[in-house]
Amino acid sequence: MDKKNKILIAALELFGKNGYFNTTVESISRKSGVAKGTVYWYFKDKKELFLSAINYTLNNCNLKILDEISSVDSPELKLKKYIETFFKLMNNNYSKMKFFMINNFNSKQELINFTKNLDIKIILKRFEILSDIIEEGKKMKVFKDYNSEILTLMISGLINFEITRSIFMEKKIDKKRIDFIEENVLKILSKE
């Protein structure tokens, strides 16, 4: 693993455990096993490192989803894999996500400013993956001919709501709930 990835992984762990304000570049340097100057070689400051770590995570999530959906053929199974993988990744990183969402922003404005600095191409890629699944289902005539953009936003919104609800209710999303969501999303989309 190269030094930049080591730094990003250490940063994610420490930001997730301690929050942004209680994590130092020095602690990230120690955790990653690289010199502090090397951290600054790759990232101009802690804020850039924080945003890069989040973008790194979002991109890896997209890659994992693409990998999982490539293992199945039908649009229905791809949609199920998309939803299942998303929740699996969330559940595997539940404590970090919870801590991150609750402890890293002191105000609504900080959250808005943060989201403006994320790599929009990575976020849009997740929508594109879902939209492509829906389009494939429409072409194969297994999904209803609804507007793909609206469906993508609805499904993404449902997933984001479930993640937020899970974090604030302090309860991971269990298999039964994931199956319920998949079943009902497919029921809405399916022509049968």
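Rule-based calculations on the coordinates, nothing more; no lab input. Bear in mind that the values here come from a model prediction, so they are computed numbers and not experimental data.
In table form, for the structure just shown:
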quantity	calculated
Cα pair distances of segment 1-43 binned at 5 Å [whole percent]	5, 28, 37, 22, 7, 0
0 to 90° range, to nearest 10: angle between helix 94-103 axis and the chain longest Cα axis	70 degrees
Amide H within-cut-off set for Ser190, under 5 Å, with H built and near neighbours excluded	Lys144
Nearest-ten-degree value, helix 120-139 long axis tilted from longest Cα axis of the chain	10 degrees
Listed pairs Lys3/Lys36; Lys46/Lys88; Lys80/Lys187; Lys80/Lys176; Lys3/Lys44 exceeding 19 Å between Cα atoms	Lys46/Lys88
C-alpha long axis of helix 46-69 to longest principal axis of the chain, angle in °	30 degrees
Å³ per residue enclosed by the Cα convex hull of the chain	125 Å³
